[in-house]
Amino acid sequence: MGSIRIALAGATGNLGLPILEALHNANYPVTVLSRIGGNSSKLKPHPNLVIKEVDFSSVESLTPALQGVDVVISCLATIAIGSQNPLIDASVDAGVKRFIPAEFGMDSQNPLSVQLPVCAPKAATQKYLLEKWASHPAFTFTGIANGLFLDWCLEEGIILDLAHHTATLYDGGDVPFSATTLADIAKGVLGVIEHQGETANRIVYIHSAAVTQNQLIQYAQDKDGKTWQTVLKPTDEVRQESLAELAKGAQADLHAAMVGFSIFGCWRPEYGCDFSAHLDNELLGVKQWSEAELRALVESLL
């Protein structure tokens, strides 16, 4: 394993940290790319870890940091950095073999999803990656679609607010949607690194489970018997609110708008929110959760 060298951008984020931990546990040598003056000093020292400060908007700054790297994993918040193109260009220049873009969400292959402002940049990145591969056949990419972050969205109160027994039920609360824990997404990343031939130049689909909001509420009620306060909200309304937020221009709360578009895309069947029919779990070594395991997760967050 140690012969493949990995570079990770965005290592201190919600997803970056579990991916870094998984890479350490698998004994991969890792170069963390950190924004100049960023918070990489928070990372624990590790014998397999090198931290390099870079300017993510500069190919000249990024290319030397990627020399000798085989796989680049981008967990960059695209709201913060804008385009991943400089990182992609530098990866090509440095001879990187596989690029895993900051995908990690809804089905970006779905023709409706790609029209959502939260998904459009991902589609543009894929197009750019395909162009790079066409002109540099040794350079390949894999995007990972994992639906919502199951544990993180439960902790943040996005799927449900387990601590306060409240929920906004989207389109009734019975829509099955794919969701994946941060640790399972990290396993999926390792699976891509270990199966580069089968995952080249495509999106892979994983989930820990397809769940519904009402199912998760039921698990909570079975455990503590408490009554829930719920409100019903059509996803169309969420989309309108997000569009209205974006229309504020410089004053817009971009994060809130993007969360809204994610909610919309991850709770609409026609947007491909349930990956059950086309999963790559088996290939990538990601186990689907049993009902008992899902219950345990819900109970641990009550």
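Given DSSP loops and a limit of at most 13 other Cβ atoms within 10 Å, what is the longest stretch of the chain that contains no such trypsin sites (Lys or Arg not before Pro)? Result, exposed sites excluded: 1-225. Hey, could you grab the Kirkwood Rh for the stretch 74-146? Inverse mean 1/r over distinct alpha carbon pairs, Å, one decimal. Radius from the Kirkwood sum: 12.5 Å. In the chain, helical runs assigned H by DSSP with n ≥ 4 each contribute -39500 (n - 2.57); averaged across all residues and rounded to the nearest 500, the mean residue ellipticity at 222 nm is -11500 deg cm²/dmol. Full extension of the chain between GLN229 and ILE51 yields a length gain of 59.4 nm, computed as 0.36 nm times the residue separation minus the alpha carbon distance. Each Lys and Arg Cβ is given +1 and each Asp and Glu Cβ -1; about its Cα centre, the chain then shows a dipole of about 680 debye.
For the stretch 244-302, a crude dipole built from +1 on the beta carbon of Lys and Arg and -1 on the beta carbon of Asp and Glu, taken about the Cα centre, is about 180 debye to the nearest 20.
Taking Cα centre as origin and charging only the Cβ of basic (Lys, Arg, +1) and acidic (Asp, Glu, -1) residues, the dipole magnitude of the stretch 4-139 rounds to 200 debye. Only lysine pairs 8 or more places apart or on separate chains count here, and in the chain those with Cα atoms under 15 Å apart total 4. Taking 0.36 nm per residue of separation and subtracting the Cα-Cα distance, full extension of the segment from HIS255 to GLU155 would add 34.3 nm.
Farthest towards the positive end of the charge dipole of the chain, among the residues VAL59, LEU232, VAL192, is the Cα of VAL59, using unit charges on the Cβ of Lys, Arg, Asp and Glu.
Largest first and in whole Å, what are the equivalent-ellipsoid semi-axes of the stretch 124-201 based on the Cα gyration tensor, each being the root of 5 times an eigenvalue?
35, 15, 10
Computed over the stretch 21-122, the quotient of the alpha carbon radius of gyration and 2.2 N^0.38 Å is 1.15.
Here the translational diffusion coefficient of the stretch 156-302 follows from Stokes-Einstein with Rh set to the Kirkwood radius across Cα pairs; for 37 °C and 0.692 mPa s it amounts to 195 µm²/s. Phi-derived couplings, Karplus 6.51 cos²θ - 1.76 cosθ + 1.60 at θ = phi - 60°, listed residue by residue for the stretch 193-200: 4, 7, 10, 5, x, 7, 10, 5 Hz, with x used for Gly and Pro.
Can you bin the stretch 250-302 into rounded, prolate or oblate? Criterion: square roots of the alpha carbon gyration tensor eigenvalues sorted a ≥ b ≥ c, rounded for a/c under 1.5, prolate for a/b above b/c, oblate for the rest. Since a/c reaches 1.5 but b/c is at least a/b, the shape of the stretch 250-302 is classed as oblate.
Sequentially through the stretch 51-60, phi angles give Karplus couplings (6.51, -1.76, 1.60; θ = phi - 60°) of 10, 10, 7, 9, 9, 5, 9, 10, 4, 5 Hz, Gly and Pro residues having no value and appearing as x. For ILE203, the residues whose amide H sits under 5 Å from its own are GLY143, ignoring neighbours fewer than 5 places away on the same chain, with H placed 1.01 Å from N. The chain has equivalent-ellipsoid semi-axes of 33, 22, 18 Å, by the square roots of 5 times the alpha carbon gyration tensor eigenvalues, sorted largest first. Given the options ASN201, ASN281, ASN48, state which has the largest fluctuation in a GNM of the chain using a 10 Å cut-off (strictly under) for Cα springs. Looking only at ASN201, ASN281, ASN48, the biggest GNM fluctuation is shown by ASN48.
Counted by Cβ distance under 11 Å from HIS136, the other residues give a net charge of -1, where Lys and Arg count +1 and Asp and Glu count -1.
Values quoted throughout were computed directly from the atomic coordinates according to the rules given, and no laboratory measurement underlies them. Model, not experiment: these values are computed from the prediction. Virtual Cβ from ideal backbone geometry, glycine too; neighbours counted across all protein chains shown.
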